[in-house]
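Shown next, in structure tokens, is the structure this report addresses.
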Amino acid sequence: MTMDVKARVARLHNRLEGLFEAWGYFVCRWRWSVALVFIAFTLALGTQLPKVAVDNSLENTLLRGDPVRLAYKAFQRQFGQDEVILILVEPDELFSPSFFEALRAFHQDLERSVPFLDDITSLVNVRSTYGREDELVVEDLIESWPQNQAEWAELEARVRSNPSYKNVFIDDGGTLTTITLEPGFEPDATAQGGLEADAAEAFSEENFDPEGQEGSVKTGKFLSAENQQIMIQSLREVMMRHETPGFQLDIAGTSYLNFRMREIMLNDMVPMISLSLGANALFLLFLFRRLGGVFLPMVVVIASLVSTLGMMPILGIPGSTAAQMIPLLLLAVGICAAVHILTLVYQERDKGSTKEEAIAKALGHSGLPVLMTSLTTAGGLLSFLAASLREVANTGVIAPIGVMFAFLFTVTLLPALLAIFPMKCRNVSGRSSATDQIRSWLVGLGKISTSYPRSVLFATLLVIGLGGLGFLRFEISNHTLLWFPETDAVRTTIATLDEKMGGSNGIEIVFDTGKINGLHQPETLNRIDEAIEAIVQMNNPEVPVGKALSIIDIVKETHQALNANDPSFYRVPQQRALVAQELLLFENSGSDDMEDFVDSEFRNARVSLRIQDVDGRHLPEFMTQLNAKAQNILGEDVEITITGVAALLARTYQAFTSSMMRSYTIALLIISPFMIVIIGSLRRSLLCMVPNLLPIYLTLGFMGLVGIPLDLSSLMVGCIIIGLAVDDTIHFMHGFARYYRQNEDVDDAVRQTLETTGMALLFTSLVLSAGFLCNIASYMHSGADFGIIAAFATMTAFLADVLVMPALLKLTEKSSS
């Protein structure tokens with residue numbers, strides 16, 4: 001960059017600093033008007049807070065046009081909702097009259113008391129298929145209640161011998177059972193009759209929009225998130241009425257997992273934010289020793305937070321796992337900006353300046369870097385708009401808005417309130433204070449860096465090498481269950497289902513034969529049966545496979561029933577006409593279970609595969625293996641679609657990984673030009689990338705060393721690292737450039753920068769670290785992990801700027817000394 005360009009940049013900086021100083025005088029003059037306008041603005045947006053919704057549903061994590069999401073919606077349109085709720089029942093003795101009496105009472109109470117349920121299936125009413133003379137009978141398992149011990153023994157034998165019940169309704173040992181609850185549909189979908197006609201019209205091929213309709217061709221619009229909350233809350237109330245030591249009840253399923261996460265998120269949000277604000281307030285009180293130094297930054301943070309959250313329902317953005325970290329991001333940005341202004345205001349006031357002069361000088365000194373840091377942080381966050389995950393992309397919308405709100409309140413409401421409230425001038429001459437001692441220590445740290453720059457950089461390289469050890473162990477994960485404590489009922493219930501029932505999660509496979517009545521062909525059914533068996537026997541240690549349910553089960557049990565209930569006939573008939581006839585008999589029996597596994601044309605077959613709850617990172621490879629194995633058996637004439645909750649998890653992991661790399665790369669590309677413009681020197685801007693990138697690298701290495709993976713809950717740490725690192729660097733370099741222009745002495749410029757800006761950097765780093773560490777008290781492991789790594793990143797960013805940056809400047813800048 002030529003001297004002429006540098007001079008122009010310097011003049012532009014001076015002009016902008018003058019504008020900020022003039023703005024400070026203007027705000028002081030019209031302080032009441034400014035304060036009232038922005039308070040009214042905050043309150044107006046605050047009225048939207050009750051409308052903020054929380055949506056943790058897995059399918060809504062993906063973008064609306066994502067092919068995996070579209071395939072899932074198409075599957076739901078044909079076969080209905082697959083996200084069932086499982087109730088795990090652990091009795092003292094499963095096959096006892098007393099247990100079945102308790103089960104029947106519980107089952108009936110669920111039917112009466114839980115709204116929005118479409119179906120309930122338990123050992124009371126599970127399908128029982130058998131032959132009686134020449135008749136096919138399909139009825140509830142307990143159509144008539146057993147009256148004596150012999151009938152109870154016969155019931156137990158029937159349950160234990162039925163392959164369709166094993167690892168679905170009872171475990172191998174016969175020690176526990178499950179109840180399956182299928183959520184229903186929106187009440188207005190069934191209003192005033194005509195449900196089937198209305199649904200058929202709404203979901204016809206001509207009218208169906210896979211992203212505009214959330215429902216099934218068989219029924220109607222799926223239950224809303226709000227009504228799901230009502231349903232699950234009612235379910236828990238019923239469970240509390242019936243649970244006893246000999247009749248233990250637990251809940252599992254994706255719907256309940258989302259409910260529990262939402263419940264914990266809402267329960268934790270206010271206490272965690274309050275605790276963080278309290279810790280920040282204590283540190284601010286210690287640092288400033290003024291009530292205004294505590295109260296005013298809190299006003300900026302709270303106003304920014306209320307305004308940002310109020311914008312979410314206006315923009316149609318729901319709360320989510322990623323969005324729950326936005327308050328902590330705004331806490332960081334708001335505190336940083338306010339402290340930089342307040343530090344200089346109080347310093348100027350203690351030097352004898354009038355209150356108005358102190359405010360104007362502080363804005364003139366720090367207003368421009370606060371603006372630039374806000375723009376670079378917001379620009380970096382905009383990179384998340386390119387993410388393949390909807391909740392991450394939404395963060396790319398709402399987080400930059402929040403950052404700019406924080407800037408707006410920092411340069412308007414904060415100086416207005418400073419002008420309104422009294423501010424004493426403290427005579428600090430001739431006496432030492434804790435602040436002076438801290439300033440002396442900080443200046444000494446900078447002197448070490450400029451006196452021994454090569455030693456400091458060599459030590460930095462050693463730290464980078466240590467971080468590399470952790471970086472090699474760094475992992476990206478998508479395992480929501482591990483966010484819960486080990487003793488949480490959600491986690492223990494899923495562990496029990498995985499251990500004793502073979503799995504708690506599901507993969508849905510759709511085989512398209514390409515022909516109407518293609519499923520009447522014995523050869524096709526045989527190949528599907530063979531493919532299912534091969535899939536169940538897949539030896540993938542990362543994704544254990546359990547039970548598979550399909551049309552094959554219905555075909556086999558019907559064939560057995562029509563052959564005197566002989567177990568040797570539990571197989572697929574080998575004549576096409578016989579298959580068609582037996583399936584017709586099953587359809588006419590009164591059971592609608594076949595609709596869950598085939599379409600009306602008998603062209604598509606659904607296979608529901610149970611797998612254990614695993615990290616989503618293992619699922620893409622497993623699904624590739626599954627597809628290859630099935631395609632090899634079925635041949636090219638059968639099209640295979642793999643979908644369901646597990647497919648969404650696999651896609652979420654892939655999208656998360658690509659989104660992270662793409663978004664962070666774009667963030668750096670956006671921030672770099674800003675840095676060049678702000679700093680006014682290409683060489684210095686390139687040097688600044690070292691303290692900007694170093695905290696990211698070391699934080700990822702730290703996560704690898706301590707075993708914290710990067711996932712959706714910790715993704716926002718990257719935003720905070722980028723924001724804080726850039727914030728610290730811009731403030732430091734802005735101060736350094738100002739003082740370096742005076743005498744071109746690196747040592748003196750570093751000293752003056754650390755005496756002024758450095759104090760603000762230290763204060764904000766300590767305050768924010770204390771606030772982040774409060775999250776250790778969070779119920780979820782993810783919240784505690786976030787607090788630890790955010791605090792580590794904050795202090796790393798500070799040390800990089802006050803130790804590494806001065807050493808780099810000493811070696812690269814000309815100095816008159």
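The values are calculated or read from the model by the stated rules, or taken from the named source; none is laboratory data. Remember, predicted model here, so these are calculated numbers, not experimental data. Cβ sites come from the backbone with ideal geometry, for glycine too, and all protein chains shown count toward neighbours. Just so you know, the surface numbers come from the protein's heavy atoms only, side chains and all, with ligands and any DNA or RNA stripped out. Shrake-Rupley method; radii C 1.70, N 1.55, O 1.52, S 1.80 Å.
Among H618, Q581, N539, flag the residue with its Cα farthest along the positive direction of the charge dipole of the stretch 535-624, charges on Cβ as +1 for Lys/Arg and -1 for Asp/Glu.
N539
With just the Cα atoms defining each centre, how far is the stretch 310-378 from the stretch 46-111? Give it in Å.
Each part reduced to its Cα centre gives a spacing of 43 Å.
Calculate the dipole size of the chain relative to its Cα centre from +1 charges on Lys and Arg beta carbons and -1 charges on Asp and Glu beta carbons; express the result in debye to the nearest 20.
Values: 60 positive and 90 negative charges, 1377 e Å.
Roughly 6620 debye for the chain.
Roughly how many debye, to the nearest 20, is the charge dipole of the stretch 589-677 about its Cα centre, given +1 on each Lys and Arg Cβ, -1 on each Asp and Glu Cβ, and no other charges?
Values: 7 positive and 12 negative charges, 140 e Å.
For the stretch 589-677, the charge dipole is close to 680 debye.
Can you pull out the GluC sites (Glu not before Pro) in the stretch 467-534 that DSSP calls coil and that have at most 16 other Cβ atoms within 10 Å? Before the final figure, lay out the partial values.
Values: sites: E475, E486, E499, E508, E523, E530, E533; in loops: E475, E486.
Hits after loop and neighbour filter: E475, E486.
Compute, for the stretch 311-430, the length of the dipole vector about the Cα centre, with Cβ point charges of +1 (Lys, Arg) and -1 (Asp, Glu) only. Units Debye, rounded to 20.
Values: 7 positive and 5 negative charges, 46 e Å.
Taking the Cα centre of the stretch 311-430 as origin, the dipole is about 220 debye.
Report, in whole Å, the centroid distance computed from the Cα atoms of the stretch 229-279 and the stretch 491-540.
Comparing the Cα centres of the stretch 229-279 and the stretch 491-540, I get a distance of 32 Å.
Looking at the stretch 22-114, which GluC sites (Glu not before Pro) are DSSP coil and have at most 12 other C-beta atoms within 10 Å of their C-beta?
On the way: sites: E59, E83, E93, E101, E111; in loops: E83, E93.
Answer by residue number: E93.
Note down the accessible area of F20, probe 1.4 Å, to the nearest 10 Å².
Counting only protein heavy atoms, the figure is 30 Å².
Give a residue-ordered list of calculated ³J(HN,Hα) values for the stretch 174-179 (Karplus: 6.51 cos²θ - 1.76 cosθ + 1.60, θ = phi - 60°; whole Hz; x for Gly, Pro).
x, 10, 8, 9, 10, 10
Between V490, I509, F471, whose Cα lies farthest towards the positive end of the dipole of the stretch 463-530 when Lys and Arg beta carbons carry +1 and Asp and Glu beta carbons carry -1, centred on the Cα centre?
Value computed over the given set: F471.
Considering only DSSP states other than H, G, I, E and B, which trypsin sites (Lys or Arg not before Pro) in the stretch 356-432 qualify as loop sites with at most 15 other Cβ atoms within 10 Å?
Numbers: sites: K361, R390, K424, R426, R431; in loops: K424, R426, R431.
Passing sites in the stretch 356-432 are K424, R426, R431.
Using alpha carbons only, how many degrees (0 to 90, rounded to 10) separate the axis of helix 781-799 from the longest principal axis of the chain?
On a 0 to 90 degree scale, this one is about 20.
Under a Cβ-Cβ cut-off of 11 Å, what is the net charge of the residues other than T729 that fall near it, where Lys and Arg count +1 and Asp and Glu count -1? Please report the intermediate quantities before stating the final value.
Values: positive: R684; negative: D727, D728, D801.
Result for the neighbourhood of T729: -2.
Translational diffusion coefficient of the stretch 9-96 at 25 °C, 0.890 mPa s, Stokes-Einstein with Kirkwood Rh over Cα pairs, in µm²/s as a whole number. Don't skip to the end; give the middle numbers.
Values: Rh = 20.4 Å.
Rounded, D is 120 µm²/s.
So what's the back-of-envelope 222 nm ellipticity for the chain, counting only DSSP H runs of four-plus at -39500 (n - 2.57) apiece and dividing by all residues, rounded to 500?
Numbers: 27 runs with 499 residues, N = 817.
Only helices count here, giving -21000 deg cm²/dmol.
May I ask you to derive the relative contact order of the chain, considering only C-alpha pairs under 8 Å and at least 6 residues apart, and to give it as an integer percent?
Details: 1322 pairs, mean separation 161.2, N = 817.
Averaging sequence separation for qualifying contacts and normalising by length gives 20 percent for the chain.
On average over all directions, what projected area in square nanometres does the stretch 306-412 have, based on the convex hull of its Cα atoms? Walk me through the numbers before you get to the answer.
Values: hull surface 26.8 nm².
Projected area, direction-averaged: 6.7 nm².
Using the Cα centre of the stretch 1-154 as origin and beta-carbon charges of +1 (Lys, Arg) and -1 (Asp, Glu), tell me which of Q149, L36, H13 is placed farthest towards the positive end of the dipole.
Farthest towards the positive pole: H13.
Using a cut-off of 16 Å between alpha-carbon atoms, which lysines can reach K221, once sequence neighbours fewer than 8 places away in the same chain are excluded?
Candidates past the 8-residue exclusion: K73.
Considering only protein heavy atoms and a 1.4 Å probe, what is the carbon-and-sulfur percentage of the accessible area of the stretch 426-539? Please report the intermediate quantities before stating the final value.
Working: 3360 of 5890 Å².
Heavy-atom surface of the stretch 426-539 belonging to carbon and sulfur, 1.4 Å probe: 57 percent.
To test your reading of the geometry: what angle, between 0 and 90 degrees and rounded to tens, separates the Cα axis of helix 682-706 from the longest principal axis of the chain?
Roughly 40 degrees, rounded to the nearest 10.
Using a Debye calculation, one point per C-alpha and no hydration shell, please list log10 I(q)/I(0) for the stretch 684-817 at q = 0.12, 0.13, 0.21 Å⁻¹ in order.
Values returned for q = 0.12, 0.13, 0.21 Å⁻¹ are -0.49, -0.56, -1.13.
Could you grab the relative contact order for the stretch 707-762? Cα pairs under 8 Å, six or more apart, rounded to a whole percent.
Dividing the mean separation by the residue count of the stretch 707-762 yields 30 percent.
The stretch 467-564: percent of C-alpha pairs farther apart than 18 Å? All intermediate terms of the calculation are to be shown ahead of the outcome.
Details: 3148 of 4753 pairs.
When all Cα pairs of the stretch 467-564 are counted, 66 percent exceed 18 Å.
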